[in-house]
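**Student:** Sharing a structure below in structure tokens format, with a few things to ask.
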Amino acid sequence: MDAPRLDRLAALLEGLSPKVTLTSQADGFSLHIIKTGVNGSSDSFSGSQLDGLSLLVCPEAYSLQNILEADQQCFMSFDVVFEGPMGPSFLAELSQPISVGMRDADPSLVQVMTLIANEMQASRCGQPLFINRAGDILLISLMRHLTSRPQQSTGLFHALSDPRIARSLVAMHTKPAHPWTLEILANLAGMSRTSFANYFRDVMQVSPGKYLENLRLAIARQLVQTGIGLKQIAARTGYASPSTLSRALGRTV
């Protein structure tokens, strides 16, 4: 029987709980569809002219107008908010603007960009809701692109591009309360404990144990804000007792 397919993004997306909405020149973390070398209004754009399109990932600290070149204009903007516990970690991964041209993009990203461009050629019934839903797909397609073509030699997306490290990351994100040990995670990666620990640290810039601790604390901090008791939160995040969790939260504060 074939081994189950490794889904690198499902657990991460659940931890991010993204909310993508159509905006006009969005502030904050945003996605901008950019046209290059096209004059006139957006009505002149044809969905087949993908080479003139790019997706600009713009962190909150950057202004779109300061990034655009003279021959570029913004075709559409999406504001992205992460309501899940992994939001801050993800935003730290994308702290610099990234421009993704369609010529070298992941096929799923090209497809959704084509879908959005074609949809905007005419006013149609249900278009605002359609585009907002397309924004969700655009974000997922961007994450697929960054996983298959990581922009950096370290960090989350580089780790997810390597099936060995990806298996351990997916396991921790899927079951953060599980009593993971270095040996178990190394076995998932098909590596020795020493090789896995060293490689994980090189790629993620933290040890496997520290990454798991940060993940659990991020989940715990968000659960605290919902009013759930520490006993229940400790059970859901893998802490031995409420007092152990309380001390860990206190250290982070």
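**Student:** Can you name the residue in segment 199-219 that is among the small types (G, A, S) and free of Cβ contacts under 8 Å to residues at least 60 places away in the same chain and, of all such residues, is farthest from P150 (Cα to Cα)?
**Tutor:** That would be G209.
**Student:** Checking S63 against (1) without any contact (Cβ under 8 Å) to a residue 12 or more places away in the chain; (2) surrounded by 20 or more Cβ atoms within 10 Å (Cβ to Cβ), which test does it fail?
**Tutor:** Checking S63 against (1) without any contact (Cβ under 8 Å) to a residue 12 or more places away in the chain; (2) surrounded by 20 or more Cβ atoms within 10 Å (Cβ to Cβ), the one that fails is (2).
**Student:** Identify the residue in segment 88-116 that is without any contact (Cβ under 8 Å) to a residue 60 or more places away in the chain and among the aliphatic types (A, V, I, L, M) and, among all such residues, is nearest to Q151 (Cα to Cα).
**Tutor:** At the first step, the residues of segment 88-116 found to be without any contact (Cβ under 8 Å) to a residue 60 or more places away in the chain are 92, 95-98, 100-109, 111-112, 115.
Imposing the further condition that a residue be among the aliphatic types (A, V, I, L, M) reduces the set to 92, 98, 100, 102, 105, 109, 112, 115.
Numbers: A92: 14, I98: 9, V100: 10, M102: 15, A105: 12, L109: 16, V112: 21, L115: 25 Å.
Filtering segment 88-116 for residues that are without any contact (Cβ under 8 Å) to a residue 60 or more places away in the chain and among the aliphatic types (A, V, I, L, M), the one nearest to Q151 (Cα to Cα) comes out as I98.
**Student:** Can you name every residue in segment 228-243 that is small (G, A, S) and either in a helix (DSSP H, G or I) or not assigned by TED's automatic domain parsing to the domain that holds R216 (or both)? It would help to see each step written out before you state the result.
**Tutor:** Taking segment 228-243 first, the residues small (G, A, S) are 229, 234-235, 238, 240-241, 243.
Hits for segment 228-243 are A234, A235, S243.
**Student:** Looking only at segment 189-210, which residues are within 23 Å of the chain's Cα centre (by Cα) and either farther than 23 Å from G84 by Cβ or of a type outside the set (S, T, N, Q) (or both)?
**Tutor:** A189, Y199, F200, R201, D202, V203, M204, V206, S207, P208, G209, K210, listed by residue number.
**Student:** I want to confirm something. Restricting to segment 68-98 and keeping residues that are surrounded by 15 or more Cβ atoms within 10 Å (Cβ to Cβ) and of a type in the set (S, T, N, Q), which single residue is nearest to A134 (Cα to Cα)?
**Tutor:** If we take residues in segment 68-98 being surrounded by 15 or more Cβ atoms within 10 Å (Cβ to Cβ) and of a type in the set (S, T, N, Q), then S77 is nearest to A134 (Cα to Cα).
**Student:** How many residues does segment 111-164 contain that are touching a strand residue (DSSP E or B) at 6+ places or on another chain (Cβ under 9 Å), at pLDDT 90 or above and not in a helix (DSSP H, G or I)?
**Tutor:** 1
**Student:** Give the residue that is nearest to the chain's Cα centre (by Cα), with candidates limited to residues of segment 227-239 that are within 29 Å of A189 (Cα to Cα) and crowded, with 18+ Cβ neighbours inside 10 Å.
**Tutor:** My answer is T237.
**Student:** Is it the case, given these coordinates, that V224 is within 18 Å of G84 (Cβ to Cβ), in contact with a Leu (Cβ under 8 Å, 6 or more places away or on another chain) and surrounded by fewer than 16 Cβ atoms within 10 Å (Cβ to Cβ)?
**Tutor:** yes
**Student:** Of everything in segment 97-108, what is hydrophobic (A, V, I, L, M, F, W, C) and either touching a strand residue (DSSP E or B) at 6+ places or on another chain (Cβ under 7 Å) or over 17 Å from K35 (Cβ atoms) (or both)? Give them in sequence order.
**Tutor:** Correct list: I98, V100, M102.
**Student:** Report, by residue number, each residue of segment 66-87 that is among the small types (G, A, S), in contact (Cβ under 8 Å) with a residue 12 or more places away in the chain and assigned to a loop (DSSP other than H, G, I, E, B).
**Tutor:** Residue satisfying the conditions is G84 alone.
**Student:** Sticking with this structure for a sec: Go through segment 91-110 residue by residue and tally those that are among the small types (G, A, S) and in a helix (DSSP H, G or I).
**Tutor:** Adding up the residues that qualify gives 2.
**Student:** Let me ask something else about it. Inside segment 38-74, can you point out the residues that are modelled with pLDDT of 85 or more, under 22 Å from D136 (Cβ atoms) and out of contact with any Cys (no Cβ under 7 Å at 6 or more places or on another chain)?
**Tutor:** Selection gives L53, S54, L55, L56, V57, C58, P59, E60, C74.
**Student:** Same structure again: Output the residue which, of all residues in segment 23-37 that are of a type outside the set (S, T, N, Q) and surrounded by fewer than 18 Cβ atoms within 10 Å (Cβ to Cβ), is modelled with the highest pLDDT. Break it down into steps so the answer makes sense when it comes.
**Tutor:** Our first condition is that a residue be of a type outside the set (S, T, N, Q); within segment 23-37, this holds for 26-29, 31-35, 37.
In the following step, the residues that additionally are surrounded by fewer than 18 Cβ atoms within 10 Å (Cβ to Cβ) were identified as 27-28, 37.
On the way: D27: 60, G28: 71, G37: 77.
Looking at the filtered set, the residue picked out is G37.
**Student:** In the list F157, F196, which residue meets the criterion of being over 24 Å from P242 (Cβ atoms), among the aromatic types (F, W, Y) and without any contact (Cβ under 8 Å) to a residue 60 or more places away in the chain?
**Tutor:** F196
The values are calculated or read from the model by the stated rules, or taken from the named source; none is laboratory data. Computed from a predicted model, the values in this text were never measured in an experiment. Because the Cβ atoms are built from the backbone with ideal geometry, glycine has one as well, and the counts that use them run over all protein chains shown.
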